[in-house]
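Here's the structure we're looking at; comments come further down.
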Amino acid sequence: MSLFDSPFFQDAYAQLESAGGIMKMDPNVLERLKYPKRALQVSVPVRLDDGTVKVFEGYRVQHNMTLGPGKGGIRFHPHVSLSETAALAMLMTFKNSLVGLPLGGAKGGIKVDPNDLSRAELQAMTRRYTTEIAMIIGPDKDIPAPDIGTDGQTMAWMMDTYSQLNGYAIPGVVTGKPIAVGGSLGRAESTGKGLAYCVNFAYAHLGKQITSSTTVAIHGFGKVGIPAANDLYAQGAKIVAVSDYTGGIYDKKGLNIHSVVEWVKQNRVLKGYPEADAITNEELLALDVDVLAPAAIDGVITKDNMKNVKARMIAEGANGPLTKEAVEYLTAKGVFIIPDILCNAGGVVVSYFEWVQGLQAFFWDLDTINKKLHDILKLAFDRVVDTQRKHNCNMKQAAFIASLDRLQGAMRLRGMWPG
Ligand code: GLU
């Protein structure tokens, strides 16, 4: 098992090298950023409901902690591996640096399909995993949050386990918690809200406005896709298609998002939604729309299907949904790409607010949170666009360069020990 095993890590590494080359980065700093600072592999034994014990493979990777404690989600998914977790941790370093947070980058996960486990099994697995990584997490060290396959309940179990181990309540150890145990207003919707803000910034940047004829397709109708759809729909955009792992639904006149959300609440999945046509995920990615938001998982637009994409703007809601090759091809075709480390940064920005509120034991109102989120993302968007112009590069490279610029400054100031 090596860091380079997954195409995702190789792609993140290649994007880093490409951005580092354009900005003529200090090669010694670049060399350090190619590898995670620390990677912990743990075995997570769980007694299943039938009495047998099954051991799951878990990780927590801390990529870089120059700017502050590690920060990044926990993923429960069958594809989790050391290599994929390291790639995601690296992206968290660049995301946190880009939006100016005093946080480093980390990621964790367990190789499991959470749908295969009962609630009791899931709780046992989460608590044992938390115990196994407890030595490297903490409010001052590394602060997990939800990612694919985990949610507020997972974070409440993690917070409780960590607090039990220490003998008192420590809400600052994780973010994305339910409000009742120290969560922040607006955290649940923040990633999707950030995506919608970024689409608006991009439209304004291109001298356009979102209107009732702006067509949108969203790949992944979950924690990111639903709030993004809600916000863009409330603004009047026409959401013509959405999809999840069971497939997609399409209506060229525009879906009634409230009714789709209600259906998913009742049925858990989109499949069977009666008021639209069924389409496949591949068909959704190839729709002729103004905005396509891949908001599910990495590696959905690659060299195999990039030529089918007809969207004019792509908002990367997931982490790494487009490969480097797809970004280059689509940029050359004139597609405006809002890169993941900017487009989905809303989640970690409000996680940061939650961490700060928890440490201060003083909580803010929703308007304050959304206003601060908007302003932070606007500043980052403007920096990325300025960087893109300055280097005449693509938007992904621009986002990496803007982020690496800040990080490189901090790494050089702190220096290396021993030198
Ligand atoms: N998992 C989310 C991400 O990929 C959020 C991380 C966090 O809030 O720490 O950005």
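A short reminder: the numbers here are calculations on the coordinates, not readings from a lab. Just so it is clear, the structure is predicted and the values come from calculations on it, not from any experiment. All Cβ positions, even for glycine, are placed from backbone atoms using ideal geometry, and neighbour counts span all protein chains on display.
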*Tyr168-Asn308 FRET efficiency (beta carbon distance; Förster radius 56 Å; 0.05 resolution)*: 0.55
_Rg in Å to one decimal, and Dmax rounded to a whole Å, for the range 190-338 via C-alpha atoms_ = 14.0, 43
_Using a Förster radius of 22 Å, what is the FRET efficiency between Lys24 and Glu325 based on their Cβ-Cβ separation? Nearest 0.05, please._
0.40
*What residues from the range 357-400 fall in the zone where the backbone N is under 19 Å from a label point 7 Å along the Cα-to-C-beta line of Gln235?*
367-386
*Gain in length, Arg47 to Asn392, computed as 0.36 nm per residue apart minus the alpha-carbon separation, to one decimal in nm?*
118.7 nm
*asked:* If you filter the range 355-417 for chymotrypsin sites (Phe, Trp or Tyr not before Pro), then keep DSSP loop positions with at most 11 other Cβ within 10 Å, what is left?
replied: Phe362
*How far apart, in nm, are the 7 Å Cα→Cβ label points at Phe362 and Asp288?*
5.6 nm
*May I ask you to list the chymotrypsin sites (Phe, Trp or Tyr not before Pro) in the range 119-224 that are in a DSSP loop and have at most 16 other Cβ atoms within 10 Å of their Cβ?*
Tyr168
_How large is the convex hull of the C-alpha atoms of the range 309-419 per residue, in Å³?_
149 Å³
*asked:* On a straight-distance basis, which aspartates and glutamates could pair with Lys238 in a cross-link, Cα separation under 15 angstrom, same-chain partners fewer than 8 positions away excluded?
replied: Asp251, Asp288, Asp290
*asked:* As a test of the definition: which semi-axes, in Å, follow for the chain when you take the square root of five times each eigenvalue of its alpha carbon gyration tensor? Largest first, please.
replied: 30, 27, 21
*What fraction of the DSSP beta bridges in the range 7-170 is antiparallel, stated in percent and rounded to the nearest 5?*
65 percent
*Prolate/oblate/rounded call for the range 191-258, Cα gyration tensor, a/c under 1.5 rounded*: oblate
*Is the range 217-292 rounded, prolate or oblate when judged by the Cα gyration tensor, a ≥ b ≥ c being the square roots of its eigenvalues, rounded requiring a/c under 1.5 and prolate requiring a/b larger than b/c?*
rounded
_Euclidean distance between Cα centres, the range 200-218 to the range 298-339, Å_ = 18 Å
*Would you mind telling me which residue in Asn370, Asn392, Asn64 has the biggest mean-square fluctuation in a Gaussian network model of the chain, where springs connect alpha carbons within a distance under 10 angstrom?*
Asn392
*Rounded, prolate or oblate: pick one for the range 68-169, where a ≥ b ≥ c are the square roots of the eigenvalues of its C-alpha gyration tensor, a/c under 1.5 means rounded, and failing that, prolate if a/b is larger than b/c, else oblate.*
oblate
*asked:* Compute the distance from the alpha-carbon center of the range 382-419 to that of the range 6-77, in whole Å.
replied: 20 Å
*Using r as the Cβ-Cβ distance of Lys371 and Lys265, and R0 as 30 Å, what FRET efficiency do you calculate, to the nearest 0.05?*
0.55
_Looking at the range 190-338 only, what percent of DSSP beta bridges run antiparallel? Nearest 5 please._
30 percent
*Among Thr368, Thr280, Thr175, residue whose mean-square fluctuation peaks in a GNM of the chain (springs only between Cα atoms under 10 Å)*: Thr368
_Mean Cα-pair separation over length for the chain, i.e. relative contact order, pairs under 8 Å, 6 or more apart, %_ = 16 percent
